[in-house]
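Just so you know, all these numbers are worked out from the coordinates, no wet-lab data involved. The structure displayed is predicted, hence computed values, not measured ones. Neighbour counts are summed over all protein chains in view; Cβ atoms, including those assigned to glycine, are modelled from backbone coordinates with ideal geometry.
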Amino acid sequence: MSKPQPYELPEFYLPHPARLNPHLEATRVHTKAWAYEMDMIDTPAFEGGPPVMSERAFDTFDYGGLVAWTHPDASKEELDLLADWYVWVFWFDDHFLDTFKHTGDMAGAKEYLARLHRFMPVDGVDSGLEITNATEKGLADLWVRTVPAMSGEWRKRFIANTIDLFDESLWELANRESGRLANPITYVLQRRKVGGAPWSANLVEHAIEAEWPLKVAHTRPLQVLSDTFSDGVHMLNDLFSYQREIETEGEINNAVHVMSEYFGLPLQKAADLVNDIRTSRLKQFENTVFTELPALFAEYALTPQEQAKIALYASALQDWQVGGHEWHMNASRYMNQKRGATPPITTTGSGIGGLGTAAANIRKIFGLEAVA
């Protein structure tokens, strides 16, 4: 960004180094072609307006890089699908900003989102509805490529979390129009529910072909894993996106902004506080994995295969955290030039070294190294 950064990015806790998927370059080519096919590149939100996503912006945002860092073990076909989903969700977000947030059109926004619900049938077949815009076109294509491979329970969760994404847009629009600033607790809880991380966690299950075993899907440990993953992802994103959201887009829904305004803190102290929250949530995630999952396995007499699914899921969420950090550090969408030095993390052979990683490397401790 050309403007000076409002604060220095803090040191980020990373449980282990990020890994890069070898299919990155091929996925970049695929997902750009897909975005063109879906009419998302160089398409304005309204006649005569600027494009929602220019070709240059698409290239520098690097959605292929996002999924290659966050899903290092995905197959080429799966990585292509994941990249297309993230292109769609960022297109949706930016298109909604230009079309409804900037105009304050709440009635139009509700009608627009209500139509999107109809493109997500639980049976996973083509809805057959007339497509009227690029958002609907992309969602219709992705739905039939994604949902049929998954169980009915997963489909219900994925539909609910996708609807929560839509609800987030309405929540943010309502806050903008009223000038209402949430208190810190309300903000974190609401962001957890309607932010994109629970939706991303559903896609993790698809990517690793390992759904939650139904009999433990609603237990406390898995809910804590979901909540702490979500908080970690959202706090990281808010730290990197403050300048774009607050200074450029006129948003008020950002954790750094909320902490600064509510507690009367300088921006640097507010950013450090948000990072402390993020770190505490990642540490609670790890504590849940290592202290509560073994007890859960025993209580529900989970088979070795069921235990492996949950351990692989937890490891994949951890991969997403460190990969998401790597992408934010490099994508042009975010401020990432002025930053503190992240403590070095080194790899020696198959062991993981560096700050906090001896206990945090889920993949190693649960014997998943051979799975990668």
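Details
- Span from the region 102-128 Cα centroid across to the region 264-285 one, whole angstrom: 35
- Only helices enter this figure: runs of n ≥ 4 DSSP H residues, each worth -39500 (n - 2.57), summed and divided by the residues of the chain, yield -19000 deg cm²/dmol at 222 nm to the nearest 500.
- If the segment from Ser178 to Val125 were pulled out straight at 0.36 nm per residue, it would be longer than the present Cα-Cα gap by 15.1 nm.
- The C-alpha atoms of the chain occupy a region whose extents along the principal axes are 58, 51, 37 Å, arranged from largest to smallest.
- Footprinting exposure proxy for Met120, Met335, Met40 (fewest neighbouring C-beta atoms within 10 Å first): Met120, Met335, Met40
- Packing-based order for 221-230, 205-214, using average beta carbon neighbours within 10 Å, highest first: 221-230, 205-214
- Treating r as the C-beta distance of Ala26 and Thr60 and R0 as 25 Å, the FRET efficiency rounds to 0.85.
- Here region 38-65 and region 177-246 have alpha carbon centers that stand 26 Å from each other.
- Subset of Lys283/Lys309; Lys76/Lys309; Lys32/Lys101; Lys137/Lys309; Lys101/Lys193; Lys3/Lys269 violating a 23 Å alpha-carbon distance limit: Lys32/Lys101; Lys137/Lys309
- Values of log10 I(q)/I(0), in the order q = 0.11, 0.16, 0.18, 0.20 Å⁻¹, for region 153-232 under a Debye, Cα-only, solvent-free model: -0.33, -0.65, -0.79, -0.92
- Computed from the C-beta positions of Phe263 and Ala107 and an R0 of 35 Å, the FRET efficiency is 0.50 to the nearest 0.05.
- With 5 Å bins from 0: P(r) over region 21-149, alpha-carbon pairs, percent: 2, 11, 20, 20, 20, 15, 9, 3, 1
- Take the Cα of Glu47, step 7 Å toward its Cβ, do the same at Glu153, and the gap between the two points is 5.1 nm.
- Rounded if a/c under 1.5, otherwise prolate or oblate - region 1-71, Cα gyration tensor axes: oblate
- Using C-alpha pairs under 8 Å with a sequence gap of at least 6, the mean separation divided by the residue count of the chain gives a relative contact order of 27 percent.
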